[in-house]
Amino acid sequence: MSQKNETTILALALLLTVGIVGGGFWWFSNNGAKIANNIIPNQQPGNNPSLQDRISFGEKSFTPGDISPVKKEGVQAIAAKSYDRAIANFTAALKLNRNDPEALIFLNNARIGSSKSYTIVASVPFGTDPNAALEILRGIAQAQNQVNSSGGIKGVPLRVGIANDDDNPEIAKQIASNLVSNSEVLGVVGPNTSDSTLAAGTIYTSGQLVAISPTSTSVKISNFSHYVFRTVPSDFMAARTLANYMVRTLQKKNAVVFFNSQSNYSQSLKSEFVSSVSLEGGQVASEFDLSKADFSAAKSVEQATKQGAEVLMLAANTETLDKALQVIQINQKKLTLLAGDDVYTAKTLEIGREQAVGMVLAVPWHIDSDPKSDFPQKSRQLWGGDVSWRSALSYDATVALIAALKRNPTRAGVQQALFSSDFSATGASGTIRFLASGDRNAPVQLVKIVPGSRSRTGYDFEPLR
């Protein structure tokens, strides 16, 4: 494809992106249903909040865009310790927008007021990836709401704080230091990216505070620390599943990989995929670095075709998703598309559209993958729509901390419980158990992009049976 056509496609993609982000549209969760509204980040370039402004138990809102007047009044009320007024305001705010996890967390915190509670904190990227932050918080909020409405943890309610780490490793470390120094904090859910988890994990380890990431998949996190756990399978599992599908099911043996050399997650998934394809008897002919300034989707696809590639594997992360979407458009469905879980977004459906149909992604969980689970029904009742794998695995991380707190509500007790060979809890994605490495021994789910109506984009993610 010519450079001119590539530029036209890029312009179209950017135009669509601006329309999506700039319009305060109804955003759809990554497997389809209407979930959130107003996703414009309120962190402007050059606006770097102080650490104190990055942590909230209800005294400030991080949700991007304009929040409703009643939610704003609820935030002011909880800051003033007027808990009855805060309860009324957040209740009203949820009637206006039932799928706002921040409002539900603040409502449950307001109900606790100044009473005794056990405290955990979510470390999420509101400033840079608000959709991911909201998805993660839906799982945490559902678990908090569930345990508190059923009597708490042996009678003691769970309080949840929110920390905005911007998916920035340095900020995540600063937040970790703050949380370690706050003796009331007994556990952390997060961070989101592998880079932030590895950076902050050193602080959580030295401070002996448990952090459970629901979304960090890098193989480097395995055996990283006795205080860093995760409810999401590692990239080893995702890569092995994709390679197996490519070689054995599709009967294709020649692939190229697109990745971001600046991302621990992307590097990890790429390396594991290359190894897994080789073990299956295939080969990866080329690796294309999406982070390079001179990266050209057109030239890369052209080179891949000349090398006889049958498969394009997209190990892109959030920062390089736009470039991966260029690859999808330029490919024009000629070569088979595979991808990792960071490509599993509403944006992929919105911009990839027909050119993305047939792409297969490896994700930790899909709402339709286990018909026996009651989590999908309960989450739909709570949020009024489907939730993504990020919500399910965040729910599992919170459920794990709750189960550990029931055994021994101290920092040391939580760590010992999670590390114990007899620990288990029931989560959205089945039984939660941790290996000595801190990993969860769980499979991944392959999903395919198909035409569909559930996401209201015209396309959906559907499990491969």
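Is there a residue in the range 231-253 that is assigned to a loop (DSSP other than H, G, I, E, B), of a type outside the set (D, E, K, R) and under 30 Å from Ser183 (Cβ atoms)? There is at least one residue in the range 231-253 that is assigned to a loop (DSSP other than H, G, I, E, B), of a type outside the set (D, E, K, R) and under 30 Å from Ser183 (Cβ atoms).
Here is the figure for the range 46-61: residues that are assigned to a helix (DSSP H, G or I) and acidic (Asp, Glu) total 1. All conditions in (1) assigned to a helix (DSSP H, G or I); (2) open to solvent by less than 20 Å² (accessible area, probe 1.4 Å) hold for Leu312, with the sole exception of (1).
Within the range 160-181, being touching a strand residue (DSSP E or B) at 6+ places or on another chain (Cβ under 8 Å) and surrounded by fewer than 24 Cβ atoms within 10 Å (Cβ to Cβ) holds for Gly161, Asn178. The strands (runs of 3 or more DSSP E) found entirely in the range 338-451 that carry 2 or more residues being surrounded by fewer than 16 Cβ atoms within 10 Å (Cβ to Cβ) and touching a residue at least 12 places away in the same chain (Cβ under 8 Å) are 445-451.
In the set Ser234, Ser275, which member is surrounded by fewer than 19 Cβ atoms within 10 Å (Cβ to Cβ), on the phi < 0 side of the Ramachandran plot and in contact (Cβ under 8 Å) with a residue 24 or more places away in the chain? Going through Ser234, Ser275 in turn, the sole match is Ser275.
Taken over the range 452-465, the criterion of being open to solvent by less than 30 Å² (accessible area, probe 1.4 Å) and either without any contact (Cβ under 8 Å) to a residue 40 or more places away in the chain or among the acidic types (Asp, Glu) (or both) is satisfied by Asp460 alone.
One residue alone among Lys334, Lys323 is at negative phi and assigned to a helix (DSSP H, G or I), and that residue is Lys323.
The values are calculated or read from the model by the stated rules, or taken from the named source; none is laboratory data. Treat the numbers as computed from the prediction; the structure is a model and nothing was measured. Counting neighbours? That spans all protein chains shown, and the Cβs are built from the backbone with ideal geometry, glycine included. Just the protein is used for accessible areas: all its heavy atoms, side chains included, with ligands, DNA and RNA removed. Shrake-Rupley method; radii C 1.70, N 1.55, O 1.52, S 1.80 Å.
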